[in-house]
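The structure appears right after this line, and notes come after that.
Coordinate-derived values only; no laboratory data. The structure presented is a predicted model; accordingly, all values stated were derived computationally and were not measured. Glycine also receives a Cβ, built like all others from the backbone with ideal geometry; neighbour counts cover every protein chain displayed.
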Amino acid sequence: MNDRLLRRLSDMGLYLANLDETLGLLGLGSVGVELDRLDQYSDLDFFLIVKKGSKSKYLDSLFWLNDVYPLSYWFRNTVDGYKILFADGVYGEFAVFEEDEMDDISYSEGRWIFKKPQCDVSNVQSKPFESVYSDDIDYAVNELLTNLLVGLQRYHRGEKLAAQRLIEIHALNRLLSVLPSIYVEKPVHADKYNIERRIEFRFPAIAKKLPLFVQGIENLPASATHLLDFTISHFTVNEAMVTEIRKYLIL
């Protein structure tokens, strides 16, 4: 448990709750409802909800953070928020929203650090979420195969970086997206927005194979071979496509 993060979030809540324009502070991720996975490597993720017309005040100046604990680094990475580092090494990411904006964004369930009575925002995303896991296995498998083919073509052309992204990122992600159809998932918090997060804990059987699938930019044919063989062993695939891919594995 990372008590320092929880104390920082609590201190922020006590400070912000006394300001007129604030409506609520929502802790997310491992400082939200997933406290059981909070550890020394966790960071501070949160939303600050403010009254209409107040958003710019809390984005143009980070006085409300510096007053709680001095910042040593801040970077505005979106129109709504920042990535920050406090002087004691606590790293965080946050966004500021006015209350009526919350209906238009998607977010995982959070934990209220404080919420004023006039705030009508839910702690759960208000719009439907599109899962990173594929319900269309045929689509995912065929995307994987075409990623392998084009990736290997680019590898042999000398475009190794472009090839690496197609083979070890895009093709592998397509495989990860259909893992629930192969393995029983362990009861570990999934990240709805990032398919790679905690994949080793949720599907332990695949963890042992990851080094085979990701062998690096100079060994892409080996990575592609293992991805292809694994896919063939679990799914029905087009033989012509497999034959074409294998041509580039023996060049």
Over what distance in Å are the Cα centres of the range 80-102 and the range 129-188 separated? 32
Highest GNM mean-square fluctuation, the chain, Cα pairs closer than 10 Å: which of PRO117, PRO70, PRO180? PRO117
Candidate cut points under trypsin sites (Lys or Arg not before Pro) in the range 53-116, DSSP loop plus at most 13 other Cβ atoms within 10 Å of their own Cβ, are ARG76
Computed over the range 32-102, Cα set: Rg, Dmax in Å: 12.9, 37
Listed by chain and number, the residues whose amide H is under 5 Å from that of ILE113, excluding neighbours fewer than 5 places away on the same chain and using placed H, are LEU25, LEU26, GLY27
For q = 0.11, 0.14, 0.21 Å⁻¹, Debye-computed log10 I/I(0) when each Cα of the range 1-146 counts as one equal scatterer: -0.46, -0.69, -1.37
Helix 137-157 vs. the chain, principal-axis angle (Cα, 0 to 90°, nearest 10): 70
Among (i) 54, 35, 34; (ii) 67, 34, 33; (iii) 67, 47, 31, the entry that matches Cα extents along the principal axes in Å as calculated here: (ii)
Between LYS116 and ARG165, what is the label-to-label distance in nm when each label sits 7 Å out along the Cα-to-Cβ direction? 4.4
Fluctuation leader among PHE235, PHE94, PHE114 - the chain, Gaussian network, Cα springs under 10 angstrom: PHE235
Report the equivalent ellipsoid semi-axes for the range 137-247 in whole Å, largest first, defined as the square roots of five times the eigenvalues of the gyration tensor built from alpha carbon atoms. 24, 16, 11
Residue (of SER106, LEU16, GLN40) at the positive-pole extreme of the chain, dipole from beta-carbon charges: GLN40
Row for the range 149-203, column shape: gyration tensor on C-alpha, a ≥ b ≥ c, rounded if a/c < 1.5 i.e. under 1.5, prolate if a/b over b/c, else oblate; value prolate
Hits among lysines - C-alpha to C-alpha of LYS55 under 22 Å, sequence gap 8 or more where chains match: LYS83, LYS115, LYS116, LYS127
How large is ³J(HN,Hα), in whole Hz, for each residue of the range 206-222 in order, when computed from phi with the Karplus curve 6.51 cos²θ - 1.76 cosθ + 1.60 and θ = phi - 60°, using x for Gly and Pro? 7, 4, 5, 8, 4, x, 6, 7, 10, 9, x, 5, 8, 10, 4, x, 5
